[in-house]
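Here the structure comes first, spelled out in structure tokens, and everything after it is commentary.
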There are 2 protein chains.
Amino acid sequence: MNVSQQIDTRPAASEQNMADAIRFLAMDAVQKANSGHPGMPMGMADAVTVLFNRFIKIDPSLPDWPDRDRFVLSAGHGSMLLYSIHHLIGFAYMPMVELSAFRQLGSKTAGHPEYGHALGVETTTGPLGQGIATAVGMAIAEQMMAARFGSSLCNHFTYVVAGDGCLQEGISHEAIDLAGHLKLRKLVVLWDDNQISIDGSTELSTSMDQLARFRAAGWDAQAVDGHDPEAVAKALERARRTRKPSLIACRTRIGKGAASMEGSHKTHGAALGDREIAATREKLGWPHPPFFVPPEIKSAWERVAVRGRMAREAWEIRLDASRSKKRYEQTAGRQLDGEVTHLLTKFRAAHRKRATKVATRQASQMALEVINGATALTVGGSADLTGSNLTMTSQTQHISPGNFKGRYLHYGIREHGMAAAMNGIALHGGFIPYGGTFLVFSDYARGAMRLSAVMGLPVIYVLTHDSIGLGEDGPTHQPIEHLAMLRATPNLNVFRPADIIETAECWEIALGEKRTPSVLALSRQALPMLRQTDGDENLSALGAYVLKEARGPRDITLLATGSEVEIAIAAAQRLQAENGIEAAVVSMPCWEKFEAQDAPYQKQVLGDAPRIAIEAAGRLGWDRWMGPDGIFVGMIGFGASAPAGDLYRHFGITADHIVAEALKLSAGGPGRSRSGAPGPIRSRANTSSDHLKEA
Amino acid sequence: MNVSQQIDTRPAASEQNMADAIRFLAMDAVQKANSGHPGMPMGMADAVTVLFNRFIKIDPSLPDWPDRDRFVLSAGHGSMLLYSIHHLIGFAYMPMVELSAFRQLGSKTAGHPEYGHALGVETTTGPLGQGIATAVGMAIAEQMMAARFGSSLCNHFTYVVAGDGCLQEGISHEAIDLAGHLKLRKLVVLWDDNQISIDGSTELSTSMDQLARFRAAGWDAQAVDGHDPEAVAKALERARRTRKPSLIACRTRIGKGAASMEGSHKTHGAALGDREIAATREKLGWPHPPFFVPPEIKSAWERVAVRGRMAREAWEIRLDASRSKKRYEQTAGRQLDGEVTHLLTKFRAAHRKRATKVATRQASQMALEVINGATALTVGGSADLTGSNLTMTSQTQHISPGNFKGRYLHYGIREHGMAAAMNGIALHGGFIPYGGTFLVFSDYARGAMRLSAVMGLPVIYVLTHDSIGLGEDGPTHQPIEHLAMLRATPNLNVFRPADIIETAECWEIALGEKRTPSVLALSRQALPMLRQTDGDENLSALGAYVLKEARGPRDITLLATGSEVEIAIAAAQRLQAENGIEAAVVSMPCWEKFEAQDAPYQKQVLGDAPRIAIEAAGRLGWDRWMGPDGIFVGMIGFGASAPAGDLYRHFGITADHIVAEALKLSAGGPGRSRSGAPGPIRSRANTSSDHLKEA
């Protein structure tokens, strides 16, 4: 089933001509934009031409054909390499006019390749190391699909072009260790070994023997002259045969071909200049004007598309003949069975009846038990905190080297690699990945989490131990700024459910998102069930809602999330019983969803009474909800090491403290007595709401 | 000068007894707390006993003696290993009562070792991989001090105990690559090779050949039986002699000694239980009650302190005899010459006269030129973006393998490793580290940046390309949520200066901080000088100030930071000229400093008029300053790839947009005409201020 063996793909125009076409498109586009990176496309043009011309299997007429080879430009700054090839092989979205609008507003040719912005871009790259780590996820997904549907329906390679930056970044270590361990034999990395980084020679900062390093991680590793097509081809043949992931170190010269600047780090990130480009045209015998490729060279490139289309058509015949066709299409299309929602709704009803009191991390596991039983699309995992994140269920056998039938990944102590791999799994298609670590260690995964949001991938982060409530592990393990950090990130749902009911609701919302990743911030400590009212409506989908309304006009509104909602309820009860102050309690499991509600609903929930916001985290962001006269009860510095209850008391995140603050707020008028009959504060009571009950 | 060779340190009590003392203290403390990690202290007790008993040079009576060996417990969860040893060798701060209060509020024995919380803890660890990467910075600082003052004043080792987690984390790759490259021969890592992580056997997640991996990075690497004291000693001897950094893989059994649970991952993170501990007492022949160590074993341990004290006293004699004594003490004490402040003030005055228009990253370099000329304490660097971050000056020769006379580090494409190394340099003493990358790539460094803040280290992050103003590189390179993320972090100054004057002011403040790290968020694009008024006062130290007051009562207040202050000024001028609306402009270079001002000053700056906040970043956090009726002009999603000017227009961060919003705000009353005579808005004008001028 190797299409490349059936057809003589060697074209009339030489591979040298084909590579030079890339070189000039890259030089000219960067020059026109006066911005960009010509050095890498020029240096890797020869090797990548061989890869595309002789091996790669993609069909420009159907860029999302599931069994295409994946090509990941991890060194994303060399985006003109990708755009040039996409133009040359005939992607409809990439006409020459786009190349000439490189890096301009509205063009498809963004500075770095952006998934979803231009068809055919497999993943967003630019932040170094992300491409190679994402590719590991793609290669995992490929093996998982092959394990489920056989090699006649899933049998493709994941090729990566990585630079020195990608291999210096820490995430590369996590990625190659995991890939080597899992024996991802269809992952092939071409390293642009040009011995140059931005500051100058790589000798300034590294002495790494990369071949030895990759071999230590269980990879096959070869070194070739990256400008020798036959050597590159031979290495690729071996890489495709070996049972391990493969590194091919391509020794290249950055800016290869440039008249006087070849080999210089000055070709890395700036236009070469008209004079240098003219001299390079002279040197390489390329008389053509900018943004013009001679027809015979274009034809040679278009044979790549012909080979890809034939492979895709042959695959479609196999799919049509397969008994697994329907199941395959459901999986590849990531179609979630409506059954999941139905079962989660039943789950909520059952636990509402039982008033189940569990940590929300445990509630999450209970919900996952339902979810994983109802769909085979979910793929779980944890960065070595399985027993703490509670991400494993009875259905999730773990994936091990060479055995991809399971659906749980022991990602190892590799939060960043996990997040990037989940991006790759989601990009590949076929699965919905979720993975766990402690909320505080989202720090380690930030680079890849941001890309989940930039790309709009349905990745779910299960981030447990979400506050000082984790207790004794102390300030290094207690998140303070992390909710703000995640809430500040565009296109990311940050859920912090208060009990088992909200946890199930948040899981349901997260699973329903097609273009937004989700964070579930979950407690270590047990939390009582708080949702007293019946009804199947998913209230968390509103982002915030009145969990407990005042009896009559509100004197005060308490806003809280997660584990602090319980404390707010206790404070409200005491305010009423001991002080005659009527407090409503608003649970806010998802700010992003609440922001999306209309103004009347927001006003109704927040009310007109003074507000106290309670969250065992930093204040940043809360002022929007609590208003200028609001009071924040939460953390102002880092945490401490002690049992959770001691910490809540130590930091004043208690019903006592809330009551005291509420009394201060309500002591606004001189006539106000602490014993609590309605005083001046009442004059600001909520008048907006049909949720009010008579006092 | 090897003290250990001069004295027979072999004690009456055996090293086995000494190690068992650690084991029981760890078991008993974790049991009493019912929380913690006994497995690692028990597994590594033998090897670490050899290290302390035969080699390490510390003096408990002077824990911060500059030439002490550094001992870094990178596997910080094994904190009882460290606390036990500190007790046993006689640190005054670590009496037995502290061990028995392990993980309790207020005790010195926090869940993970915390720098500054208990004397003798060299760095805060717990987040895995941080210790080993921080140790690289310590070893760099040691070599730099030795290059400046000779080996008679600086000659110590940095020892690290790391676990599988530390070596799986990506940051370890950045650290060992840098250490190998720089040939940090006095860095010795003991790897607790127990083949266990939290999820179970390390076979679940890794197949890495660690020895080969470290050798590939230029390290010396040895493997020994971690329970064989002579083998460990021999390996340590070799490690101390070799010209490379050293890894010693200590094959151990987690929970070594435990009656039935030795070797099980169940000993990793939970108390063993009274029954198991009793059985272990039986098995190991340890009849003593909890928290009791027999005098002969305690005496044996205390010989470590005697050796350390003698070494320290010998060193003091050498220091007293040294001609470099004064310079050494100034350096070790990190005493900044007052000259720096004086020169920076002159710098500001000069550029105020010249109205210098430069990017704030360039202003930063110009300020650094002054700073680095006035003090030798600063050590610069960049994560391979030297020419973009502009962190190098004429004084900063770079450090290269074996040559530590310079004061600039090419950290490579290793943001996380750089941040951790800077923590280590700051912890070691002797230098003030600053290092650069793009603001967006603070994502990669988060784990270590958080520890800068947790530990309160004077580390300075030069984060350039701080908004969509970087232009064509597109959304992967354009920070949106990063200012919020950093502002949310406790004990971190986030500076975003608006021009060359504020940039110099912010540098001055950052250099003056002793216990707070700083971020300088700097523009790629040129910014005009905005500070028109004369005077040497450092206005940025107020956090926010009125840069341009209204002529008469304010109709509106514009709040902005960094590159958007220029836009706010333009809008204010147009509002006045075209609409007769009086706008004040407030520059807010540092929220943290503004929060620290008293309420009257805050009120005076913010005023009573409606406010518009302008920042080319996300809104989160701004509501606090702009109030409930304020308007935010900034980013609501990710950026795009285009020239900077196009992006500002595309996203509406323009004077036009601000003017339009201001007109909406000021159109509150029906009588208000757009042509702009004072209307209803005037009724809310600022009445608080002595900064007002007559219209």
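The values are calculated or read from the model by the stated rules, or taken from the named source; none is laboratory data. Values in this document were obtained by computation on a predicted structure and should not be read as measured data. Using ideal geometry, Cβ is built from the backbone for each residue, glycine included, and neighbour counts are taken over all protein chains shown. To get the accessible areas, we keep the full protein, side chains included, count just its heavy atoms, and leave off ligands, DNA and RNA. Shrake-Rupley method; radii C 1.70, N 1.55, O 1.52, S 1.80 Å.
Please report the antiparallel percentage of the DSSP beta bridges confined to the range B:338-521, to the nearest 5.
5
Give, ordered by residue number, each residue of the range B:472-498 whose 1.4 Å probe accessible area is reduced by a minimum of 20 Å² on adding the remaining protein chains to the chain alone.
Going by heavy-atom accessible area, the residues of the range B:472-498 that drop by at least 20 Å² are B:Glu472, B:Asp473, B:Pro475, B:Thr476, B:His477, B:Glu481, B:Met485, B:Ala488, B:Pro490.
For the pairing of chain A with chain B, what total accessible surface becomes buried, with a 1.4 angstrom probe, in square angstrom to the nearest 100?
7900
By average Cβ neighbour count within 10 Å, what is the ranking of A:553-561, A:317-325, A:113-121 from highest down?
Going by the mean number of other Cβ atoms within 10 Å, highest first, we get A:553-561, A:113-121, A:317-325.
Taking each label point as 7 Å beyond Cα in the direction of the beta carbon, state the distances from B:Lys325 to the same residue in the other copies, shortest first, in nm.
Label point to label point, same position, other copies: 9.2 nm.
Using a label point 7 angstrom from Cα along Cα-to-C-beta, what distances in nm, from shortest up, separate A:Arg354 from the other copies?
7.4
Can you tell me the accessible area per residue over the range A:71-144, all protein chains present, probe 1.4 angstrom, in square angstrom?
19
List the residues of the range B:167-204 whose accessible area drops by at least 20 Å² when all protein chains are present, compared with their chain alone, using a 1.4 Å probe and counting only protein heavy atoms.
So the qualifying set is B:Gln168, B:Glu169, B:Gly170, B:His173, B:Glu174, B:Asp177, B:His181, B:Ser197, B:Ile198, B:Asp199, B:Leu204.
Taking chain A as the reference, fit the longest principal axis to its C-alpha atoms, fit the long axis of helix A:339-354 to the helix C-alpha atoms, and give the angle between the two in degrees, 0 to 90, nearest 10.
Computed tilt is about 30 degrees.
Between rounded, prolate and oblate, where does the range B:541-666 land on the alpha carbon gyration tensor, with a ≥ b ≥ c its root eigenvalues, rounded for a/c under 1.5, else prolate if a/b exceeds b/c?
Verdict is oblate for the range B:541-666.
With the cut-off at 32 Å, report for chain B the share of all Cα pairs above it, as a whole percent.
Percentage above 32 Å: 55.
What lysines sit close enough to B:Lys353 to cross-link, taking a C-alpha to C-alpha distance under 23 Å and skipping anything fewer than 8 places away on the same chain?
B:Lys548
From the square roots a ≥ b ≥ c of the eigenvalues of the alpha-carbon gyration tensor of the protein assembly as shown, which class results: rounded (a/c under 1.5), prolate (a/b over b/c), or oblate?
It comes out rounded by the Cα gyration axes.
Taking a cut-off of 20 Å between Cα atoms, list the lysines near A:Lys283, but don't count ones fewer than 8 places away on the same chain.
Within the straight-line cut-off, A:Lys283 pairs with A:Lys256, A:Lys266.
What angle do you read, to the nearest 10 degrees and between 0 and 90, between the alpha-carbon axis of helix B:15-33 and the longest principal axis of chain B?
Orientation of helix B:15-33: about 50 degrees from the principal axis.
List, in the order given, every pair from B:Lys346/B:Lys514; A:Lys346/A:Lys593; B:Lys405/B:Lys593 whose Cα-Cα distance in the structure shown is over 25 Å.
Table pairs above 25 Å Cα-Cα are B:Lys405/B:Lys593.
Averaged per residue, what accessible surface does the range A:338-521 expose to a 1.4 Å probe, in Å²?
On a per-residue basis, the range A:338-521 sits at 21 Å².
With runs of 4+ DSSP H residues as the only contributors, calculate the mean residue ellipticity of chain B at 222 nm using -39,500 (n - 2.57) per run, divided by the residue total and rounded to the nearest 500.
Result for chain B, helices only: -12500 deg cm²/dmol.
Restricting the count to DSSP beta bridges whose residues both fall in the protein assembly as shown, what percent are antiparallel, rounded to a multiple of 5?
So the antiparallel bridges in the protein assembly as shown amount to around 15 percent.
Identify all lysines with a Cα-Cα distance to B:Lys234 below 18 Å; exclude those on the same chain that are fewer than 8 residues away in sequence.
Reachable lysines: B:Lys57, B:Lys186, B:Lys244.
Only bridges whose two residues both fall in the range B:541-666 count here: according to DSSP, what percent of them are antiparallel, nearest 5?
If I count the DSSP bridges inside the range B:541-666, around 20 percent turn out antiparallel.
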